Structure formats: structure tokens, C-alpha cells
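The values are calculated or read from the model by the stated rules, or taken from the named source; none is laboratory data. Since the model is a prediction, treat every value here as computed from it, not as a measurement. Cβ coordinates were reconstructed from backbone atoms using ideal geometry, including for glycine residues, and neighbour counts include every protein chain displayed.
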Amino acid sequence: MKITVFDDHQALSFQVAQMMVAQIKNKPDSVICLASGETPFLAYHLLPTLLLDEGVDHQQFTLIGLDEWVNIPSQNTGSCSYFLHTTLIGPLKLSLSQFKLFDGMAPDLQTECDSMDEFISKRGGIDLMVVGIGMNGHIGFNEPGVSTELYAHVIDLDDTTQTVGQKYFADKTTLGQGITLGLKHLQEANAAILMASGDRKAHIMKATLEGPIDPLIPSTIIRNHPNGLVMLDQKAASLLTPNE
Ligand code: F6R
């Protein structure tokens, strides 16, 4: 695992967007799994222009949505699906066969998980994952204490996630469960970028990078990833012990 600290959120976002461009350029049929949320928003916003500027064909890659709130329809502006449609799927004009997102309203969520696992394995696995980090160290909706051996699954959301998650919704919303790719997907991905930005992520980043590798802080698993990149802005890195 490698750690890189950028001056600010903008520099961090630009670098992540460039790495996504490089991934698609080097392997046009890449399978790329993406988180939603505030952290990657700017990187995704920059991506269409960078792809165009570099003349990179993006009609062959596959986008996988990392997670979704259970019982929230995709038309809800707080859903992960809505976020990925408005930031990437729409602007990049991805075809229906080019993306797969969880449906949090699916009548049978286990079938939804199985279908996602099968979709990924049929495409030979994930080339690149871009994930954020929750205030409790979750990755996707892999909440504290989750098994590191799981693929896609449904999970009860931690209190922190239920509370912090309100920021995405126009009105107070009941957030009981999430459907998410598992930490096994992260471990098996060819490369994984964990992004963190802002002061509010400083404590969890210190625990992630300097505490013990602990299932109670799922993000610590990134440290075992041979191709794991932790990309932070200075604010999120502000509590890290400086290198000697
Ligand atoms: C969302 C997701 C979550 C977020 C995390 C950080 O798809 O997977 O794990 O990455 O909660 O969210 P932000 O970026 O809004 O701080």
C-alpha cells in the first residue's frame, strides 16, 4: 500500500480522475467499481473532460456501483444510483450494458447480490476500485465488524452511517440497511484507491493507517492490499505521524 498526500481536495480529485483516465486508456474494457458521496464527486466531474482531452475511448469500460441504500428508489436524489447517473453515466452517455448498479428496491436482495457477484466474475473481476471512507471506517457499506470474506451482501447500517447519511437526502430518511460489494471484492481488485478529504476524516485516517489492522475499522484492510493507494488531502492527513 502506498500513501500520497495532496495539497487540497482539488489536487487530489484531479489525480484520481487522471488515474481513472489512465486505467481506461491502458485497458479499454476495464471493470471499474465506484463509490458515491462527497469525496469522489469532483474527480468524477472532471473525468468526462479529461477523457475527451486525451481522446480516450470510454465506450468499452464497465462501471459498477459500489453500494446502495436498501428501500430507497433510484429516483431519490440521495440514492447512490442517482449520484452515479448524474455525475458519470449521463455525462459519459454510457450504454445500458456498460454499467451495473444495485437496486435497493429489489424484491429479493439476495438475488440482487448474487447477480452482482456473477456479473463481476464473468467479466474477470474488478480492475480498479475507487472508494471513500465513512467516519466509522466503513468502505462501501462494509460496517465495523463485518467479515472480510464476504462478497456482495446486505447489512444493517451502523448508527453513524444512518446519521451521517442524512446529508445526501432532501428530507429526513430512514436508513436501515445497505447493499454493498464486500471486502473480498476490495481485496481481489487489481488496484484500489481509498480517497479521503477534509478535517472530519483526519481521526479515522489516523486509525486506518496507524492503528492495528482491525475488523472493527474495515478501512484498515487497505493496508494489506498489494496495489492499494491511499490518497488524501492535507486536511485528512493532518493527524498522521510525520515521516522521520
Ligand atoms: C458511498 C460509499 C460510502 C462513502 C463514505 C464517505 O457509495 O461507499 O462508503 O464512500 O461514507 O462518504 P463521503 O464521501 O460523502 O464522505
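Summary of values
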{"read-out": "Qualifying positions in region 137-162 - more than 13 Å from the ligand (Cβ to nearest atom) and either modelled with pLDDT under 95 or of a type in the set (Ser, Thr, Tyr) (or both)", "value": "SER147, THR148, TYR151"}
{"read-out": "Where a residue in region 7-29 is in a helix (DSSP H, G or I) and its partner, wherever it lies, is of a type in the set (D, E, K, R), with Cβ under 6 Å and at least six apart", "value": "HIS9/ASP233; LEU12/ASP233; VAL21/GLU54"}
{"read-out": "Breaking point among (1) farther than 16 Å from GLU68 by Cβ; (2) within 13 Å of the ligand (Cβ to nearest atom); (3) surrounded by fewer than 22 Cβ atoms within 10 Å (Cβ to Cβ); (4) among the aliphatic types (A, V, I, L, M), for LEU216", "value": "(2)"}
{"read-out": "Positions within region 31-66 being crowded, with 21+ Cβ neighbours inside 10 Å, in a loop (DSSP other than H, G, I, E, B) and more than 16 Å from the ligand (Cβ to nearest atom), in sequence order", "value": "HIS58, PHE61"}
{"read-out": "Subset of region 187-213 (residues that are in a loop (DSSP other than H, G, I, E, B), more than 16 Å from the ligand (Cβ to nearest atom) and under 25 Å from LYS27 (Cα atoms))", "value": "ASN190"}
{"read-out": "LYS201 vs. criteria basic (Lys, Arg) and crowded, with 17+ Cβ neighbours inside 10 Å", "value": "yes"}
{"read-out": "Top-ranked residue in region 67-85 [being free of Cβ contacts under 8 Å to residues at least 24 places away in the same chain and within 14 Å of the ligand (Cβ to nearest atom); ranked as nearest to GLN18 (Cα to Cα)]", "value": "HIS85"}
{"read-out": "Pairs where the first residue, in region 141-163, is within 19 Å of GLY104 (Cβ to Cβ) and in a helix (DSSP H, G or I) and the second is within 15 Å of the ligand (Cβ to nearest atom) and modelled with pLDDT of 95 or more, C-beta under 8 Å, 6+ apart", "value": "THR161/GLY134; THR161/ASN136; THR161/HIS138; THR161/PHE141; THR161/GLU143; THR161/LEU175; THR161/GLY178; GLN162/LEU175"}
{"read-out": "Test result for ILE222, closer than 29 Å to GLY124 by Cα and touching a strand residue (DSSP E or B) at 6+ places or on another chain (Cβ under 7 Å)", "value": "yes"}
{"read-out": "Any hit, region 6-22, residues being out of contact with any His (no Cβ under 9 Å at 6 or more places or on another chain) and hydroxyl-bearing (Ser, Thr, Tyr)", "value": "no"}
{"read-out": "Condition check for ASP127: over 28 Å from LEU47 (Cα atoms), out of contact with any Phe, Trp or Tyr (no Cβ under 8 Å at 6 or more places or on another chain) and modelled with pLDDT of 95 or more", "value": "no"}
{"read-out": "Set GLY134, GLY165: member being surrounded by 21 or more Cβ atoms within 10 Å (Cβ to Cβ), within 12 Å of the ligand (Cβ to nearest atom) and under 18 Å from the mean Cα position of the chain (by Cα)", "value": "GLY134"}
{"read-out": "Selection status of ASN71, in contact with a helix residue (DSSP H, G or I) (Cβ under 9 Å, 6 or more places away or on another chain) and polar (S, T, N, Q)", "value": "no"}
{"read-out": "Inter-residue pairs, beta-carbon under 8 Å, first at positive phi and touching a residue at least 24 places away in the same chain (Cβ under 8 Å) and in region 164-179, second outside any strand (DSSP E or B) and crowded, with 18+ Cβ neighbours inside 10 Å, 6+ apart", "value": "none"}
{"read-out": "Index of the failed condition, ASP103 passing every other in (1) under 26 Å from GLU188 (Cβ atoms); (2) more than 19 Å from the chain's Cα centre (by Cα)", "value": "(2)"}
{"read-out": "Filtered residue count, region 88-119, keeping only those that are over 22 Å from VAL56 (Cα atoms) and in contact with a His (Cβ under 7 Å, 6 or more places away or on another chain)", "value": "1"}
